[in-house]
Amino acid sequence: MLLCAHELGRRAICLPTIVRRCHACASDRFHANGKFRVNANHKLLDAWLLALCAVCGDTTKLTLFERTKVRAVQPELLDRLHHNDIGLVAELLQDPGVRRRNHIRLNWANAWRLDTGSPRRDRDGVDVGGDSEILPIDVVVRFAPRIPARPVRLIVEGLRLSRAEVERLVAEGRLVSAVSLGGRRSDDFSFTLRKIGHSQTVFDPEGP
Ligand SMILES: [Zn+2]
């Protein structure tokens, strides 16, 4: 199960790094600090999400909406903005409109962790030898939050194998999936690890 890396109280929060050029230093990484700013001018509202430069701490404002009539803003949203709802930060960053408006990209590295359900005491990876008794195994990877992640990386981490080993298993047709394991995805997927000689099908990591 893919879970958020950060926890705030009892809530799991998935916060990516915001990729944007800092005007004060050479950094291009910002972290949302969970704060919003709402400005009222007569009956018009502006709202921003604040983020701090990861290097110099300079603040940047990401525009959520500008000069919007109070009545046009949902009261629930306004309430969450006023209360600096950290969950709202994660929701808004996942909104493509917010990203486009502010010319930002997101980096999801370190935003997630993988819960394999069975903590292994040893540090060894899964025995993938051809005569291994545990094979074949079917694994389902579930995404609790829809964070884009590389399936190969999740398999590497989940099975505690090296990337080269996973790539070799894929090339040998022993690690197969109905979905493309190349690139990133944010939907549940499953894969099967088979014994040697089980099938001659060679999996194409680039997909159809
Ligand atoms: Zn900076």
Positions within segment 46-59 being surrounded by 17 or more Cβ atoms within 10 Å (Cβ to Cβ) and either more than 9 Å from the ligand (Cβ to nearest atom) or among the small types (Gly, Ala, Ser) (or both), in sequence order: Ala47, Trp48, Leu49, Leu50, Ala51
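Examine segment 121-140 for a residue that is assigned to a helix (DSSP H, G or I), surrounded by 12 or more Cβ atoms within 10 Å (Cβ to Cβ) and away from the ligand (no atom under 16 Å from the Cβ), and state whether such a residue exists.
Of all residues in segment 121-140, those assigned to a helix (DSSP H, G or I) come to none.
Checked segment 121-140: no residue is assigned to a helix (DSSP H, G or I), surrounded by 12 or more Cβ atoms within 10 Å (Cβ to Cβ) and away from the ligand (no atom under 16 Å from the Cβ).
Here is a yes/no grid of residues against (1) within 25 Å of the chain's Cα centre (by Cα); (2) within 16 Å of the ligand (Cβ to nearest atom); (3) at pLDDT 95 or above:
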site	(1), (2), (3)
Leu3	yes, no, no
Phe30	yes, yes, yes
Lys69	no, no, yes
Asp79	no, no, yes
Leu88	yes, no, no
The one condition in (1) in a strand (DSSP E or B); (2) surrounded by 14 or more Cβ atoms within 10 Å (Cβ to Cβ) that Cys22 fails to fulfil: (1)
Residue in segment 110-118 that is modelled with pLDDT under 85, away from the ligand (no atom under 16 Å from the Cβ) and buried (at least 18 other Cβ atoms within 10 Å of the Cβ) present: yes
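Looking at this structure, is Arg21 within 16 Å of the ligand (Cβ to nearest atom) and within 18 Å of Asn102 (Cβ to Cβ)?
Yes; evaluated as a whole, the condition is true for this residue.
The values are calculated or read from the model by the stated rules, or taken from the named source; none is laboratory data. Just so we're clear, the structure is a prediction, and the values are computed from it rather than from any experiment. Backbone-built Cβ (ideal geometry, glycine too); neighbour counts: all protein chains shown.
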